[in-house]
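The values are calculated or read from the model by the stated rules, or taken from the named source; none is laboratory data. Being a predicted model, the structure only gives us computed values, none of them experimental. Cβ placement follows ideal geometry from the backbone for every residue including glycine, while neighbour counts extend to all protein chains displayed.
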Amino acid sequence: MEQSTSLSAPRLASLVAGFDRSPAYAGLADALRELIGDGRIGYGTRLPSERDLTEALGVSRTTVTRAYAVLRDSSYAEARQGSGTFTRLPGGRIRALDRALWPSDVGNGVIDLVCAAATAPPGIAAVYAEAAADLPAHLGGHGYFPAGMPDLQAAIAATYDARGLPTAPEQIIVTPGALAATAVVGSALAGPRDRVLVESPTYPNAVQALRAGGGRIASIALDPYGWDLDAVAATLARHRPRLVSAMPDFHNPTGLVMGEADRERYARLLARTGAIAIVDEAHYLLSLDDDVVAGTPFAAHAPDAICVGSASKSIWGGLRLGWIRAPHAQVDRLTRARVGLDLGVPVLEQLVLTRLLTGDLDALVRGQRARLREQRDAMTGALAARLPDWEFRLPHGGMALWCHLPRAGATALSTEAERHGVLLAPGPSFAPEGGLDRYLRLPYAAAAPELVEAVRRIADAWAVVTSGRAGAAAPPSGAEPVLVA
């Protein structure tokens with residue numbers, strides 16, 4: 001049975017202080033929905049009784065009764081016979097589109113802003129052709145490389161050397177993507193009784209990969225403007241986790257970059273509690289502005305840290321290759337865990353990535369950065385024109401904006417936007433334990449004209465949501481599954 005916390009009437013009264021009283025029940029309901037959607041009132045919290053809240057607020061009993069009824073009707077609360085009223089979120093604890101984790105193409109004029117993944121860069125087809133010419137030399141062997149082909153291991157290790165983290169080829173384990181790498185680490189190092197801490201917000205598929213490993217997930221709240229290391233220290237002391245997932249370089253979805261001093265302090269906090277960091281570095285190459293680049297690898301400060309990398313974001317999602325960079329002491333354990341999941345990745349793809357890493361990768365990535373920069377600027381310009389009261393930090397890298405809405409409603413917006421032909425991933429999709437309904441991730445991986453049109457449709461959908469008319473029409477039929485990436 002779900003364990004619930006209770007919220008006292010005086011505490012709730014202080015949280016909703018100043019709510020709109022014209023009419024009072026609607027203003028109280030709006031204030032409560034915002035608190036629940038943002039996570040300031042946790043999912044499954046028992047709300048005060050109507051009588052107690054009436055006294056604490058100094059309003060009529062009818063006001064509280066009607067406000068609670070609005071919460072129930074909009075799926076932000078449920079009444080349990082004999083127990084009281086408990087908070088909920090539309091769609092459940094982690095609200096995502098029902099099809100959010102299943103990849104497919106989207107057609108019929110629908111714009112997909114759920115998947116943050118760019119198209120392939122120019123010239124990659126030629127690299128595939130060159131790699132195919134190398135393939136016959138490997139056909140005489142069995143083709144299984146549980147840790148990766150030696151040349152690719154060496155090429156990946158060299159990228160860490162260049163970033164200031166000495167790495168031997170045998171410290172690299174090549175996997176079918178960063179998610180597979182994350183699942184390997186989780187299954188190898190976290191048992192059913194171990195705590196695994198993840199950031200909130202964070203990439204939802206990584207949380208699913210860690211859950212598959214068997215650890216018990218808890219979250220560390222990430223401030224919209226950076227890492228609150230005092231809060232991190234308190235969370236580490238409270239949970240004593242086995243693993244801590246972190247994304248210090250162009251964080252998904254916020255775009256944040258952790259400073260060097262914070263990396264050093266975070267590493268000391270982990271060492272003090274004995275926790276091992278899983279560091280997601282999938283975006284580290286995607287710096288869009290010259291004055292902000294990815295920092296020193298986190299593992300340079302935390303020798304026990306395990307790095308997870310990927311070719312999917314910086315090169316192309318169809319190149320399904322990722323890797324683990326592990327301390328020598330963990331390599332055998334991780335390799336054994338990996339063999340329990342698969343025996344290696346395709347040889348051709350490994351040949352392709354080897355050529356890319358040992359060739360002019362900088363030129364290829366510069367092209368990707370230029371496209372993303374143009375697309376980012378097109379989207380931010382469209383938002384400023386169409387939705388000027390939406391707030392966001394201009395990200396200096398990565399693939400998405402993390403927008404703060406004027407009021408809770410990202411979940412409702414994602415539903416309404418689908419009726420307008422745009423697929424969105426609302427904030428709760430990135431909240432492992434619920435909340436963040438005033439946030440929306442907007443990837444800028446599509447072409448600039450498509451992004452401008454998407455913002456126009458989103459603005460129309462937001463107007464419907466804020467007018468209270470959302471939900472009047474049925475969603476379009478035949479919509480295909482999409483991928484949160």
### Query
Out of all the residues in segment 153-174, which are among the β-branched types (V, I, T) and within 17 Å of Y284 (Cβ to Cβ)?
I156, T159, T167, I172
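Let's see how each residue does on (1) β-branched (V, I, T); (2) under 23 Å from A117 (Cβ atoms):
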site: A305; (1), (2): no, no
site: V308; (1), (2): yes, yes
site: W316; (1), (2): no, yes
site: L319; (1), (2): no, yes
site: R325; (1), (2): no, yes
site: H328; (1), (2): no, no
site: T335; (1), (2): yes, no
### Message
Suppose we filter A181, A168 for residues that are assigned by TED's automatic domain parsing to the domain that holds V352, touching a strand residue (DSSP E or B) at 6+ places or on another chain (Cβ under 9 Å), among the aliphatic types (A, V, I, L, M) and in contact (Cβ under 8 Å) with a residue 40 or more places away in the chain; which single one remains?
### Response
A181
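Filter segment 341-393 down to the residues that are in a helix (DSSP H, G or I), closer than 17 Å to H138 by Cβ and not aliphatic (A, V, I, L, M) and list them by number.
Scanning segment 341-393 gives E349, Q350, T354, R355, T358.
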### Task
Give A234, A271, A299, A329 a once-over and let me know the one that is crowded, with 19+ Cβ neighbours inside 10 Å and among the small types (G, A, S).
A299
#### Entry: From G84, G141, G107, residue being modelled with pLDDT of 90 or more and loosely packed, with under 12 Cβ neighbours inside 10 Å
G141
## Note on the structure
Screening A329, A378, A363 for residues that are free of Cβ contacts under 8 Å to residues at least 24 places away in the same chain and farther than 30 Å from V196 by Cβ leaves only A363
### Query
Wholly within segment 228-316, which strands (runs of 3 or more DSSP E) include no fewer than the required count, namely at least 2 residues that are under 26 Å from G359 (Cα atoms), free of Cβ contacts under 8 Å to residues at least 40 places away in the same chain and not acidic (D, E)?
none
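Yes/no matrix, rows are residues, columns are (1) in contact with an Asp or Glu (Cβ under 8 Å, 6 or more places away or on another chain); (2) closer than 21 Å to Q171 by Cα:
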{"position": "W316", "(1), (2)": "no, no"}
{"position": "L319", "(1), (2)": "yes, no"}
{"position": "L334", "(1), (2)": "no, yes"}
{"position": "R355", "(1), (2)": "yes, yes"}
{"position": "L361", "(1), (2)": "no, no"}
### Message
Need pairs with beta-carbon distance below 8 Å; first residue in the same structural domain as D52 (by TED's automatic domain parsing) and free of Cβ contacts under 8 Å to residues at least 24 places away in the same chain and within segment 72-91, second in a loop (DSSP other than H, G, I, E, B) and not polar (S, T, N, Q); sequence gap 6+ or separate chains.
### Response
S75/R88; S75/L89; S75/P90; S75/G91; E78/R88
### Task
Take E416 and decide whether it is touching a helix residue (DSSP H, G or I) at 6+ places or on another chain (Cβ under 6 Å) and acidic (D, E).
yes
### Query
Only one of (1) under 24 Å from Y160 (Cβ atoms); (2) buried (at least 19 other Cβ atoms within 10 Å of the Cβ); (3) in contact with a helix residue (DSSP H, G or I) (Cβ under 7 Å, 6 or more places away or on another chain) fails for D249. Which number is that?
(3)
### Message
When you check A454 against the structure, is it hydrophobic (A, V, I, L, M, F, W, C) and surrounded by fewer than 24 Cβ atoms within 10 Å (Cβ to Cβ), yes or no?
### Response
no
### Summary
Of the residues in segment 36-68, those that are in contact (Cβ under 8 Å) with a residue 60 or more places away in the chain and at negative phi number 6
## Note on the structure
Considering only helices (runs of 4 or more DSSP H) wholly within segment 110-207, the ones with at least 3 residues that are within 22 Å of A305 (Cβ to Cβ) are 150-162, 178-189
### Query
Since V365 meets every condition but one in (1) under 25 Å from N205 (Cα atoms); (2) at pLDDT 95 or above, which condition does it not meet?
(2)
### Query
Among T175, T254, which is the only one that is closer than 26 Å to L372 by Cβ, β-branched (V, I, T) and touching a Pro at 6+ places or on another chain (Cβ under 7 Å)?
T254
### Message
Just the residues that are basic (K, R) and closer than 18 Å to S200 by Cβ, please, taken from segment 240-268.
### Response
none
### Task
Determine if segment 207-215 includes at least one residue that is buried (at least 22 other Cβ atoms within 10 Å of the Cβ) and out of contact with any helix residue (DSSP H, G or I) (no Cβ under 7 Å at 6 or more places or on another chain).
yes
